[in-house]
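Take a look at the structure set out below.
The values are calculated or read from the model by the stated rules, or taken from the named source; none is laboratory data. Predicted, not measured: the structure shown is a model, and the values here were computed from it. Cβ placement follows ideal geometry from the backbone for every residue including glycine, while neighbour counts extend to all protein chains displayed.
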Amino acid sequence: MASSSSLCSSLSFLLVLSFMAGFASLVNAGNFDQDVDISWGDGRGKILNNGQLLSLSLDKSSGSGFQSKNEYLFGKIDTQIKLVAGNSAGTVTAYYLSSQGPTHDEVDFEFLGNLSGDPYILHTNLFSQGKGNREVQFYLWFDPTKDFHTYSILWNPIHIVFYVDGIPIREFKNLEATKGVPFPKNQPMKLYASLWDAEDWATRGGLVKTDWTQAPFVASFRSFNADGCVEGDGGSSCNSKGWMNQELDGESLNRLRWVQKNYMVYNYCSDVKRFPQGLPTECSASN
Ligand SMILES: *[C@@H]1O[C@H](CO)[C@@H](O)[C@H](O)[C@H]1NC(C)=O
């Protein structure tokens, strides 16, 4: 019965593998109870399912938000988000890294809601030493309210990359040494998320207001995974992490170009009217 016993052992091998994979994903998935604090919203933010799910809600009196307990100096952060469904016009779901103070660094994902059936805009921005004005906006290639999708930030000494479902949509390169453009690398950042009302500008530039009869609006978060470095050691605690020196390979660059060609709605680097004195320095390096 050699064949059946080897079938048996390969089956148990598979079982062990899937057990290990399940265990690893449990360890990696993060737990909102352990990893974040609901920071505002007076009960409108809730951690559910033993820390596996977090929901933020917004009504006429207030929105809500959470922040990570840890600060990261370089990191790879992934979160699955399901955005406000139906008529979400006027609402903004923000998911971002930020440091503190007047010369802060910040890496933003902001999802601008819309009327039912009209597309969300994914608005991104990047502040370095207090200077932002680096907006790039996209439509998504799926309905972000139907399912959870993964939104990630990779921040290493080479670049900051925004990803949607593992596809890079935007890259901000570290051009500090070559072009003198400040790059976030000294100030530790926390991860923040919030759901709030911005009806004066969010949807079609403020033309479409929030329909409060649809409140409360709810956005959900799960599988929060922040793999970051300990602050203050210039990244040396992360030298063993694969993503610390990860660059975009040819395949990733092709995908980035595909997204930018087909889904980009606005890019500050093409907005010559806005910068009559000349486009920001980093724009000449195809950021
Ligand atoms: C909302 O839908 C309109 C019409 O399709 C579109 O022009 C706009 O870019 C969409 N998104 C936002 C956030 O306004």
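Pairing residues of region 92-119 that are hydroxyl-bearing (Ser, Thr, Tyr) with residues that are part of a loop (DSSP other than H, G, I, E, B) and within 16 Å of the ligand (Cβ to nearest atom), at Cβ distances under 6 Å and at least 6 apart in sequence or on separate chains, gives Thr93/Leu83; Ser116/Gly86; Ser116/Asn87. For region 81-113, give me the residue count where each residue is in contact with an Asp or Glu (Cβ under 8 Å, 6 or more places away or on another chain), outside any strand (DSSP E or B) and more than 12 Å from the ligand (Cβ to nearest atom). Selection size over region 81-113: 1. Among the residues examined, Asp118 does not qualify as among the acidic types (Asp, Glu) and under 14 Å from the mean Cα position of the chain (by Cα). Taking the criterion of being of a type in the set (A, V, I, L, M, F, W, C), farther than 13 Å from Asn87 by Cα and more than 16 Å from the ligand (Cβ to nearest atom), the residues of region 192-221 that qualify are Ala193, Phe221. Screening the candidates Asp108, Asp118, Asp143 for the property of being among the acidic types (Asp, Glu), surrounded by fewer than 20 Cβ atoms within 10 Å (Cβ to Cβ) and over 21 Å from Trp212 (Cα atoms) yields one hit, Asp143. Remark: pairs (first residue in region 24-42, modelled with pLDDT of 95 or more; second residue among the acidic types (Asp, Glu); Cβ separation under 8 Å; 6+ apart in sequence or on different chains) are absent. Taking the criterion of being part of a loop (DSSP other than H, G, I, E, B), more than 22 Å from Thr103 (Cβ to Cβ) and either among the polar types (S, T, N, Q) or within 13 Å of the ligand (Cβ to nearest atom) (or both), the residues of region 118-142 that qualify are Asp118, Pro119, Tyr120, Tyr139, Leu140. Suppose the filter is closer than 30 Å to Asn49 by Cβ and surrounded by 12 or more Cβ atoms within 10 Å (Cβ to Cβ); does Trp201 pass it? No: the conditions fail for Trp201. Residue-level analysis places Gly101 outside the set of residues that are more than 19 Å from Ala193 (Cα to Cα) and surrounded by fewer than 22 Cβ atoms within 10 Å (Cβ to Cβ). Within the option set Pro216, Pro188, Pro184, Pro168, being farther than 18 Å from Thr124 by Cα and crowded, with 20+ Cβ neighbours inside 10 Å holds for one residue only, Pro188.
Look at Tyr72 and say whether it is within 17 Å of Ser194 (Cα to Cα), aromatic (Phe, Trp, Tyr), away from the ligand (no atom under 16 Å from the Cβ) and touching a residue at least 40 places away in the same chain (Cβ under 8 Å). Answer is no for this residue. Exactly one residue among Val181, Val161 is part of a loop (DSSP other than H, G, I, E, B), in contact (Cβ under 8 Å) with a residue 60 or more places away in the chain and touching an Asp or Glu at 6+ places or on another chain (Cβ under 6 Å), and that residue is Val181.
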